[in-house]
Amino acid sequence: MVTTTIRFRPTAEDRRLINAATRAGERPGDVIRRALRLLEREAWLEQARADSVRLRDEDLSDEPDAW
């Protein structure tokens, strides 16, 4: 696995958030990785909600059984 360094300059508010979210033994990079996973989960949930709205009128009991 090739790693890439991404740099950013945290504001005072960014540092405060990172410090508040840091668990025992974690580094700031670990906190940011957890935050990225939460963003990924948030996007997944948003898509799932949109799919449920789109499919809300679908009635699978009207479909023939596939087996």
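Expressed in nm to one decimal, what extension gain is obtained for the pair ASP51 and GLU13 from 0.36 nm per residue of sequence separation less their Cα-Cα distance?
10.2 nm
When the Karplus curve 6.51 cos²θ - 1.76 cosθ + 1.60 is applied with θ = phi - 60°, which whole-Hz ³J(HN,Hα) does each residue of segment 39-55 get, with x for Gly and Pro?
5, 4, 5, 4, 5, 4, 5, 4, 5, 4, 5, 4, 5, 5, 5, 4, 9
Go through the chain and name the GluC sites (Glu not before Pro) that are in a DSSP coil and have 16 or fewer other Cβ atoms within 10 Å of their Cβ.
Passing sites in the chain are GLU26, GLU58.
What FRET efficiency comes out for the pair ARG27/GLU58, r = Cβ-Cβ distance, R0 = 35 Å, nearest 0.05?
Using R0 = 35 Å, I get an efficiency of 0.15.
Along segment 2-11, what does the Karplus equation 6.51 cos²θ - 1.76 cosθ + 1.60 (θ = phi - 60°) give for ³J(HN,Hα), rounded to whole Hz, x for Gly and Pro?
Values per residue, Gly and Pro as x: 8, 9, 10, 8, 10, 10, 8, 9, x, 6 Hz.
Taking springs between alpha-carbon atoms closer than 10 angstrom, which of ASP57, ASP30, ASP14 fluctuates most in the Gaussian network model of the chain?
ASP57
Restrict the search to the chain; then list the trypsin sites (Lys or Arg not before Pro) that DSSP places in a loop and that have at most 11 other Cβ atoms within 10 Å of their Cβ.
Those satisfying the criteria are ARG7, ARG23, ARG56.
Identify which of LEU39, LEU17, LEU55 has the largest mean-square fluctuation in a Gaussian network model of the chain, with springs joining Cα atoms closer than 10 Å.
LEU55
Provide the net charge surrounding GLN47, with neighbours chosen by a C-beta distance below 13 Å and charges set as Lys +1, Arg +1, Asp -1, Glu -1.
-1
With a ≥ b ≥ c the root eigenvalues of the C-alpha gyration tensor of the chain, is it rounded (a/c under 1.5), prolate (a/b larger than b/c) or oblate?
Verdict is prolate for the chain.
Each value in this text was obtained by applying a stated rule to the coordinates, not by laboratory testing. Only a predicted model underlies this, so the values are computations on that prediction, with no experimental measurement involved. With ideal geometry, Cβ positions are generated from the backbone for all residues, glycine too; neighbour counts draw on all protein chains shown.
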